[in-house]
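K.L.:
Dumping the structure here so I can ask a few things about it.
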Amino acid sequence: MNTLVLVGLGVAAALLLALAVYVARRSYIARTDRTYMTHNEHGFRRALKGRGVLWDHEEQIVKGPDAPKLEYVAFDAATGHRRANALIDPRTGSVNLRPQYCVPLPFTATTADGHRLVVDARVQFSLNRDLLKYVYQLDDFSLALETRIHSAFRAEIGRRPDEVLRGSLHEVEEAVIAHLRKAETDGDEVGEAGLALGVNFHTASFTYQEAEDHFAALAAGVAPATVVTPVSTGATDSASSSPAQAFAPRTVSRAPGVLSLRPQQIDQLADAFKGREPGSTAAILAMLEMQTRQNIAEALASSGQVVVVTSQEIGLTGASVQRDAAERKQH
C-alpha cells in the first residue's frame with residue numbers, strides 16, 4: 001500500500017513538474033505596446049492580449065524563419081538617409097505596436113494643371129492589433145505601405161492646381177490621412193474591395209518642389225541622392241555616409257535667364273501676377289528685363305574677346321526702365 005502511495009505521489013509530482021515547465025515555456029505577456037502573433041497548421045490564429053498560456057500545443061508564436069518581414073522606411077537623423085526599421089523581433093516574435101514614422105524615398109506626383117512635383121512625405125502609423133491577420137498575410141509589408149502612401153498623396157495632389165496646392169498644404173495632409181483610413185476600412189473584411197494593411201494612420205506631412213528643379217540639383221551635385229540603408233550600421237559606415245562627405249556642393253557659373261524658363265515656371269509667374277497692382281507687375285517685369293540684359297552681358301564676356309555692341313543691340317536704348325526714369329524726371 002505504501003509503495004502504491006509513493007508511486008502515485010511520484011507520478012503526481014512528475015505531472016506537476018511537467019505542467020510547470022509547459023506553463024513556463026508557453027506563457028506570454030502582451031502589453032499595450034507589444035504583442036505576439038500565433039498560427040497553427042491552418043495559418044494565422046490570433047494576436048495575443050494581456051497575460052496567458054498557450055494551452056493548445058498546435059498554436060505557436062510566429063517567429064524565426066516563419067515570421068513575416070515587417071519593415072518600413074524611416075529617416076535616420078544621424079546620417080541624413082533613410083533606413084529600414086523592423087516591427088517584429090524574429091527571435092522572440094515580439095511585434096511593436098508603438099506609433100512609428102514612415103518616411104518613403106521622394107516620389108513624383110502631378111497637379112491638376114500638369115505640374116510634376118517631387119514629394120517628400122512623412123506618415124505616422126502603428127500596427128492594429130485587431131487586424132494583424134492582414135499583416136501576417138502580406139508578403140512585403142514595406143512595399144505595400146509605401147504604395148498606399150504614394151497613392152494617397154498622388155490622389156490628393158492631383159485634385160488641385162499648383163497655385164491652390166501652395167496654399168492648402170494642411171488640407172492635403174488631412175485629406176491624405178482620411179484617404180488612408182478609408183482604404184483600411186474598405187478592406188478589413190473578407191469579400192470587400194481592397195485589402196487592409198492592418199495599420200492605424202495618425203498624421204501626415206509633406207514638402208515638395210518642382211521635379212525639374214529637384215533632378216537638376218541632383219545632376220549638379222548640390223543635393224544628395226537619398227538611399228535606404230540597413231538597420232544595423234557601424235560607426236564607420238555612418239561616418240562615411242554622412243551628408244557632408246556624400247556630396248560636394250557646386251555653384252552654377254551663370255544665372256539662368258528669362259528665356260530659359262520652363263512652361264511650369266511661366267505658369268507660376270502668371271499665378272504671381274494674378275491680383276497684383278500694376279506697380280508690382282511692372283516691377284517684376286523690370287527685374288526680368290534686367291536679368292535678360294545680365295545674361296547677354298555674361299554671354300558676351302565669356303568669349304574672352306573684345307566685342308563692340310551698340311546700346312540698341314543689347315536693349316539699353318528705348319527700354320522700359322529708361323522710359324520710366326525719363327517720365328519720372330519730367331514729372
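The values are calculated or read from the model by the stated rules, or taken from the named source; none is laboratory data. Here the structure is a predicted model, which means the values were calculated and not measured. Reconstructed Cβ throughout: ideal geometry from the backbone, glycine too, with neighbour counts over all protein chains shown.
K.L.:
Please enumerate the residues belonging to region 93-108 that are assigned to a strand (DSSP E or B), in contact with an Asp or Glu (Cβ under 9 Å, 6 or more places away or on another chain) and of a type outside the set (S, T, N, Q).
P.N.:
Across region 93-108, the qualifying residues are V95, C102, F107.
K.L.:
Is it the case that some residue within region 25-34 is modelled with pLDDT under 75 and assigned to a helix (DSSP H, G or I)?
P.N.:
yes
K.L.:
Return the residues of region 129-184 that are under 30 Å from H39 (Cα atoms) and of a type in the set (D, E, K, R); say none if nothing qualifies.
P.N.:
R129, D130, K133, D139, D140, E146, R148, R181, K182, E184, listed by residue number.
K.L.:
Restrict the check to region 159-172 and report whether at least one residue is without any contact (Cβ under 8 Å) to a residue 24 or more places away in the chain, in contact with a strand residue (DSSP E or B) (Cβ under 6 Å, 6 or more places away or on another chain), on the phi < 0 side of the Ramachandran plot and not in a strand (DSSP E or B).
P.N.:
Looking for residues that are without any contact (Cβ under 8 Å) to a residue 24 or more places away in the chain, in contact with a strand residue (DSSP E or B) (Cβ under 6 Å, 6 or more places away or on another chain), on the phi < 0 side of the Ramachandran plot and not in a strand (DSSP E or B), one finds none in region 159-172, hence no.
K.L.:
Something else now. When you scan region 34-83, how many residues do you find that are among the hydrophobic types (A, V, I, L, M, F, W, C), over 24 Å from L197 (Cβ atoms) and not assigned by TED's automatic domain parsing to the domain that holds T229?
P.N.:
Adding up the residues that qualify gives 3.
K.L.:
Still on this structure: If D162 satisfies every condition in (1) more than 30 Å from D66 (Cβ to Cβ); (2) surrounded by fewer than 17 Cβ atoms within 10 Å (Cβ to Cβ) but one, which is the exception?
P.N.:
Unmet for D162, out of (1) more than 30 Å from D66 (Cβ to Cβ); (2) surrounded by fewer than 17 Cβ atoms within 10 Å (Cβ to Cβ): (2).
K.L.:
Of everything in region 83-115, what is modelled with pLDDT of 90 or more and basic (K, R)? Give them in sequence order.
P.N.:
Answer for region 83-115, where residues must be modelled with pLDDT of 90 or more and basic (K, R): R83, R98.
K.L.:
Oh, and also: Is there a residue being surrounded by fewer than 20 Cβ atoms within 10 Å (Cβ to Cβ), touching a strand residue (DSSP E or B) at 6+ places or on another chain (Cβ under 7 Å), closer than 20 Å to V176 by Cβ and in contact (Cβ under 8 Å) with a residue 40 or more places away in the chain anywhere in region 94-102?
P.N.:
Scanning region 94-102, I find at least one residue that is surrounded by fewer than 20 Cβ atoms within 10 Å (Cβ to Cβ), touching a strand residue (DSSP E or B) at 6+ places or on another chain (Cβ under 7 Å), closer than 20 Å to V176 by Cβ and in contact (Cβ under 8 Å) with a residue 40 or more places away in the chain, so the answer is yes.
K.L.:
Looking at region 23-73 only, could you name the residues that are among the small types (G, A, S), over 19 Å from N128 (Cα atoms) and touching a residue at least 12 places away in the same chain (Cβ under 8 Å)?
P.N.:
Listed by number, the residues that qualify are S27, G52, G64.
K.L.:
Residues of region 74-92 being in contact with a helix residue (DSSP H, G or I) (Cβ under 8 Å, 6 or more places away or on another chain) and either without any contact (Cβ under 8 Å) to a residue 12 or more places away in the chain or not in a strand (DSSP E or B) (or both), which ones?
P.N.:
Within region 74-92, A78, T79, G80, L87, P90, R91 meet the criteria.
K.L.:
Among the residues of region 190-202, are any at pLDDT 70 or above, in a helix (DSSP H, G or I) and either small (G, A, S) or in contact with a Phe, Trp or Tyr (Cβ under 8 Å, 6 or more places away or on another chain) (or both)?
P.N.:
Checked region 190-202: no residue is at pLDDT 70 or above, in a helix (DSSP H, G or I) and either small (G, A, S) or in contact with a Phe, Trp or Tyr (Cβ under 8 Å, 6 or more places away or on another chain) (or both).
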